[in-house]
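Some notes on the structure that comes next.
FYI, it's all coordinate maths here, none of it is from the lab. The shown structure was predicted, so the numbers you read here are calculated from the model rather than taken from an experiment. Cβ placement follows ideal geometry from the backbone for every residue including glycine, while neighbour counts extend to all protein chains displayed.
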Amino acid sequence: MDYQEFLDYVKENILDYLKQSRITADTSNEVIFDEKEYEVLSQKIMKNNGITLDAITIYQEGQYVSPNIYLNAYYDQYKMGKPLDCIMNQLIQEYEDKMEEAGTLQVDNVYDLDKVRDKIVFRLVNYERNRKELLLCPHKRFLNFAVTFRYLASKDAMGIASSIISHKEFAAWNIELDELYDIAKSNTMRLFPWKIESLAKMITSCMCGDLSNALSEDAYEDMMNMVEQDCGIQMFVLSNDVGINGATCVLYDQVLYEFSMAHECNLYVLPSSVHEVILIPAEEDTDPQFLLELVSNANKSSVGLIDLLSDEIYYYDRNINEIQIYED
C-alpha cells in the first residue's frame, strides 16, 4: 500500500488493535472497551525547520492528555518489509507507554503565569527555515536564529515533553518579550545545565565501549591523543545535560567567555545541530574556510533536516564577549 493508504489503514484500525491489546493484557477478563469513548484524529504536525509529520491522536473521554503518535517512521519500517500487524502492535505499545507517562504529569493552566513561570524555557532554531511557525509564536531574533519559548511539562530519564508557547498564552501573561526572555533564560540554565566535552574524548569512549573502565589512565589518554591527531583540530562539544536542544547553551551567561579565557584564545563556533555546537580554539593556523566546508558537508550528509541549525560558522571574540556570524 502507498503512504496515504497506510495512514488511512492505521486510523481505521487502531482502535481494534487497542481493544485486542487491552483484552489480552487483562487476566481477570473484566476489561470493558467501549469504542464510543474514543475518537481517532489524524493531523499534520509542524516540527522544526518547517518539517511536517503525520500523526494520529487517540482521544478518550475523561483524559486530559492525548499523545501524538507519529507515523512517518512506521511507514519506513513497512516499506522495509516489517509485517503490518507487527507495526500496529508497536503503535499500540507506544500509545500505552505515552499514556502511562502522561498519567504522572501535572497539567498546569498555561494561561496563568504564576503556575508556569518556573517551567518556561527557550530553544534556538534557524530563523529562515521556521518563518511559518514563527508567525504563530513570540520569539526573539539572535543572529540568523530565532529564540522560541516553550512550556516544559516534564524532564526525566524518558526524555522531555514540552509545547510551544503561542501568542495566545503570551498575551494572557501580559508581560514584555524581554521579560519572557529573561524568565526562560534563567529556567533553561537551571533545568538544562551546560556541559563541554572534548570531541576526542567522546570518540574514544565510543571506540573503547565497555573497555574504557579497564584501560589505564595513561592508555586512555594516549588513545585520546591519537584521535585528536587524526582530527587535526582540537574540538569541544557544547550541549546540555540531556543532549537535547543543547545548542541553546550558546545563549547561557559566561559559558563561551569562561571557556575562551581558559584556552586564552577566541573561538570558532560550529552549529553541529540543534542539539549541540562544536567549539574550536581560533589558532593562527585554523582555516575558517575548511570549517565552513565541514559544516556544509555535515549538514548535507549527516544531520537530518529536522535537526539542522545553520550552514554558517560563528566567531566568538572574548575581548568584547560577543559572538557573530563569521565573515571572511
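Between Cys265 and Gln4, what FRET efficiency comes out of the Förster formula 1/(1 + (r/R0)^6) with R0 = 56 Å and r the beta carbon distance, rounded to 0.05?
Computed FRET efficiency for Gln4 and Cys265 comes out at 0.55.
If we count other beta carbons within 10 Å of each Cβ, what is the order of Glu327, Glu101, Glu12, fewest first?
By the 10 Å Cβ count, ascending: Glu327, Glu12, Glu101.
Once amide H atoms are built 1.01 Å from N in the peptide plane, which residues 5 or more positions from Ser198, or in another chain, come under 5 Å H to H?
Residues meeting the criterion, in which the H sits 1.01 Å from N, are Val237.
What FRET efficiency comes out for the pair Ile320/Asp241, r = Cβ-Cβ distance, R0 = 35 Å, nearest 0.05? Please list the in-between numbers first.
Values: r = 29 Å, r/R0 = 0.83.
The computed FRET efficiency comes out at 0.75.
Would you give the gap between the C-alpha center of segment 160-192 and the C-alpha center of segment 227-288, rounded to a whole Å?
Between the Cα centre of segment 160-192 and that of segment 227-288, the gap is 26 Å.
Can you tell me the order of 123-133, 298-308 when each peptide is scored by its average per-residue count of other Cβ atoms within 10 angstrom, highest first?
Output ranking for 123-133, 298-308: 123-133, 298-308.
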